[in-house]
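First the structure, in the form of structure tokens, and then the observations on it.
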Amino acid sequence: MRLGNRLRDALPSAGTAVAGALLWGLAMAASAFLNLYYWEMPGRIRFVVLLYALGGGLAFPVGLTLARLVSRGRHWETTLAAAFVCLLGATLAFTGGLFALQYRSYYAEWHAPALTLTWAFEFVFTILTALYQFVVLGIRLYFPLGFAALAVTSIWFARQRR
């Protein structure tokens with residue numbers, strides 16, 4: 001089967017994509033909120049929760065599509081693992097990417113003029129630093145609620161595909 005047909009078959013319906021994105025974004029936002037509630041000021045909590053909600057909402061349709069592509073015609077266990085890995089990877093990639101963009105926009109004021117060699121180095125190293133900080137500080141906000149939501153969603157996906 002051609003890649004175009006496989007991709008078309010793997011795409012979720014619009015209703016599933018929208019409902020899943022809303023629920024997944026809400027679950028990721030709730031996970032971040034529960035971790036930050038007693039530690040940060042309300043203004044900072046709102047921004048981080050919005051970042052995690054948006055990252056989760058953008059990641060769900062992509063993660064679901066990738067999981068469907070990888071797990072097509074496979075056993076239940078493989079489907080479960082595909083959903084787990086694809087949703088996890090997409091969620092971390094989108095949320096980390098949004099974090100890096102925000103980080104970059106904050107530091108852009110002190111960077112060299114755009115499209116110069118100095119600017120390119122500053123851009124690359126600022127993004128790499130942001131991604132490092134997200135890995136070190138941001139992933140912990142997914143525990144325990146985000147991890148539980150990932151397990152439940154992966155089981156739902158595997159049962160749906162049988």
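Each value in this text was obtained by applying a stated rule to the coordinates, not by laboratory testing. Keep in mind the model is a prediction, meaning the values are calculated, not measured. Cβ atoms come from the backbone with ideal geometry, glycine included; neighbour counts cover every protein chain shown.
Rounded, prolate or oblate: pick one for the stretch 40-97, where a ≥ b ≥ c are the square roots of the eigenvalues of its C-alpha gyration tensor, a/c under 1.5 means rounded, and failing that, prolate if a/b is larger than b/c, else oblate.
Values: a/c = 4.30, a/b = 3.14, b/c = 1.37.
Note, shape of the stretch 40-97 comes out prolate.
Give the calculated FRET efficiency between Ala112 and Arg72 to the nearest 0.05, with a Förster radius of 30 Å applied to their Cβ-Cβ distance.
Numbers: r = 48 Å, r/R0 = 1.59.
Taking R0 as 30 Å, the efficiency between Ala112 and Arg72 is 0.05.
Net length available on complete extension from Arg46 to Val124 is 25.3 nm, with 0.36 nm assigned per residue and the Cα-Cα distance removed. Check every DSSP H run in the chain and write down those whose alpha carbon atoms cover 15 angstrom or more along the long axis and whose mean Kyte-Doolittle hydropathy is 1.0 or greater. Qualifying helices: 14-36, 42-71, 117-133.
Place a point 7 Å from Cα of Leu26 in the direction of its Cβ. Which residues in the stretch 45-74 have their backbone N less than 20 Å from it? Of the residues in the stretch 45-74, 46-64 have backbone N under 20 Å from the label point off Leu26. Longest stretch of the chain clear of exposed loop sites (chymotrypsin sites (Phe, Trp or Tyr not before Pro), DSSP loop, at most 15 other Cβ atoms within 10 Å, sites excluded): 40-162. I need the shape label for the stretch 114-162. Rule: rounded when a/c is under 1.5, else prolate if a/b > b/c, else oblate, with a, b, c from the alpha carbon gyration tensor. The shape class here is oblate.
Of the options [x] 182; [y] 136; [z] 127, only one is volume of the Cα convex hull per residue in Å³ as computed from these coordinates, and that is [y].
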